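First the structure, in the form of structure tokens, and then the observations on it.
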Amino acid sequence: MAALYDREDGAPPAPSPHAAGAVDAYDPNYVPDSVKTFVVHLYRHIRDKNVYEIHQMYEGGFQRLSDRLFRDAPWPSAEAVAPYCDGDHVFLLLYRELWYRHAHARLSPLTAAHRAESWTNYCDLFSVVLHGVVNMQLPNQWLWDMVDEFVYQFQSFCQYRAKLKNKTEDELQQLKQFDKAWNVYGVLNYLQALVEKSMITQILEREKEGLEQFTATDGYDYEGGSNVLKMLGYYSMIGLLRIHCLLGDYHTGLKCLAPIDLNQQGVYTIVIGSHISTIYHYGFANLMMRRYVDSIREFNKILLYILKYKQYHQKSPQYDQILKKNEQMYALLAICLSLCPQNKLIDENVATQLKEKYNDKMTKMQRYDDEAYAAYDELFSYACPKFITPSPPVLDQPLTNYNQDAYRLQLKLFLYEVKQQQLLSGIRSYLKLYSTITISKLAQYMEVDEPTLRSILMTYKHKMNAVDSDGKIVSSADFDFFIVEDVIHVVESKPTKRHGDYFLRQILKFEEMIGELEKVQLD
């Protein structure tokens, strides 16, 4: 059998297997029989390109062994398991990727040295994919988790090194020693290199022209090739969106995701974690850029999907994360609808759930007082990503924590936007009552003078327009108005009737009724 890849570079030195927080009895060189069996079988299935069995072992076997044998300790070191996989360099890189991911999830606290070793392993693994000829076929779930964990560990390291106040002298020394680890440029460069080397952008373009099959095969190669580079490139576009959201660069994030058409069924929907992460960050970025309609439309679709299918993921290791992101997206949807009422875009089932969760807060956010401001603050703080400061700290006295600085800046910018829009909900409610109204009369109702009202009307026009991904100015308002000789003329947009959605909902209801009737035992 062929090796997992044809090497073009030398093997790096093996990282230390020791993790901070591991129990004293941990012996990195002891390999239980069940782990030997796991490694032997996983290695064989990877060499045989048996994607189904790899997925079963990755999703099931690894989790079961972690729960049973390594709940609060690391797995055996890569050096200890090397004899059971012929010392294969690439397999051991994959094993270490699982090893460090398990350590990040189960062991605490993690030292800077340990985090730096994980960074080195990712660099070695991605370098093999970028500069070698990879012969593997891995499950999409594993490849998504690889990119997702890479971004998560970068985020985690940035948060870790920004908490300087209670760090020991040894910890500070380690930060100085490993100051090149998880460098923001290195992280972005690896993801961008995977996108470019995989030529995934060109593959998706050819697919639109009918010249390539990518979505139809879920990204797998059924002609004896490898899906690894191609799918890592695909998922790296989502990883880049996430990182740019963490940095507050929403325009660049959306630009990175642009090759993936969210209006079509795509490979990003195959893995539930990828699907949710894509829409969550896409929706949040659009919210911060005032493209409320795009956010509302995508949040509605993903929340409806989770509502229908979450029971099928109850045994998944990601189930808790699915539920958390679900709650956060309802909070973001509540913000979007409060700033830009577009109820016609919301499915009735999602609307019901939203009402149960946030009806009181949404009522408050329609006002323009301190209570409304506090509600926006609370929902944003709960639902926003964990923003990061990417630059390394200046390790001089006095040492302070600055891990919340990026979050405070984004919150300040968001609340500044809310404050500018606070009067808009009042003017919206008045204008929806009239087809025509004089400026003087509306100013009287609003309890402001006429110049101030004109300023508010111009603010409404400005805030309800945004620049879309094509550079065109689009309106997100549910009605429009124009002024002729001090008279405001209101033009209410007529909602497009979506007969197809209505019939689909009725069909689903009938199917549920038939299913219930079939369960009834007839005497």
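The values are calculated or read from the model by the stated rules, or taken from the named source; none is laboratory data. Treat the numbers as computed from the prediction; the structure is a model and nothing was measured. Ideal geometry is used to build each Cβ from the backbone, glycine not excepted, and the neighbour counts take in all protein chains shown. Remember, those area values only see protein heavy atoms, side chains included, never the ligands or the DNA or RNA. Shrake-Rupley method; radii C 1.70, N 1.55, O 1.52, S 1.80 Å.
Using per-residue counts of other Cβ atoms within 10 Å, averaged over each peptide, order 189-197, 429-437 from highest down.
189-197, 429-437
Which one of G426, Q318, N29 is farthest out on the positive end of the charge dipole of the chain, using unit charges on Cβ (Lys, Arg +1; Asp, Glu -1) and the Cα centre as origin?
G426
Carbon-plus-sulfur fraction of the accessible area of the chain, 1.4 Å probe, in percent?
52 percent
Just need the relative contact order of the stretch 255-364 here, percent rounded to a whole number, with Cα pairs under 8 Å and 6+ apart.
Result for the stretch 255-364 is 28 percent.
Helix 405-421: angle to the longest alpha-carbon principal axis of the chain, degrees 0 to 90, nearest 10?
Between the helix axis and the principal axis of the chain, the angle is about 20 degrees.
Choose one of I46, A466, I200: the residue whose Cα lies farthest towards the positive end of the charge dipole of the chain (beta-carbon charges +1 Lys, Arg; -1 Asp, Glu; about the Cα centre).
Result: A466, furthest along the dipole toward the positive end.
If packing is taken as the average number of other Cβ atoms within 10 Å across a peptide's residues, how do 305-318, 44-57 rank, most packed first?
So the peptides 305-318, 44-57, ranked by packing, come out 44-57, 305-318.
Relative to the longest principal axis of the C-alpha atoms of the chain, give the angle of the C-alpha long axis of helix 33-48, reported between 0 and 90° and rounded to the nearest 10°.
70 degrees
Sort the stretch 302-460 into rounded, prolate or oblate with this rule: let a ≥ b ≥ c be the square roots of the eigenvalues of the Cα gyration tensor; rounded if a/c is under 1.5, and if a/c is not under 1.5, prolate when a/b is larger than b/c, oblate otherwise.
oblate
Cα axis of helix 228-247 to longest principal axis of the chain: angle in degrees, 0 to 90, nearest 10?
Around 50 degrees separate the two axes.
What whole-number value in Å² describes the accessible area per residue of the chain for a 1.4 Å probe?
50 Å²
Would you compute, from DSSP H runs of 4+ residues alone, the mean residue ellipticity of the chain at 222 nm, taking -39500 (n - 2.57) per run and dividing by the full residue count, rounded to the nearest 500?
Counting only the DSSP helices, I get -19000 deg cm²/dmol.
For Rg/Rh (Cα atoms, Kirkwood Rh), which listed value, (1) 1.02; (2) 0.94; (3) 1.15, comes from the coordinates shown?
Step by step, Rg/Rh (Cα atoms, Kirkwood Rh) for this structure corresponds to label (1).
Using a simple spin-label model with points 7 Å from Cα along the Cα→Cβ vector, what separation in nm is obtained for H462 and T168?
5.4 nm
Just how large is the dipole of the stretch 434-492 about the Cα centre, in debye to the nearest 20, putting +1 at every Lys and Arg Cβ and -1 at every Asp and Glu Cβ?
Using Cβ point charges on Lys, Arg, Asp and Glu, the stretch 434-492 gives about 100 debye.
Once you list every other residue whose beta carbon is under 9 Å from the beta carbon of L399, what net charge do they have if Lys and Arg are +1 and Asp and Glu are -1?
Taking every Cβ under 9 Å from that of L399, the sum is +1.
Packing-wise, with mean Cβ within 10 Å as the measure, how do 151-162, 276-287 rank, highest first?
Peptide ranking by packing, descending: 276-287, 151-162.
Amide H to amide H under 5 Å from N401: which residues, 5+ apart in sequence or cross-chain, H placed 1.01 Å off N in plane?
L164, K165
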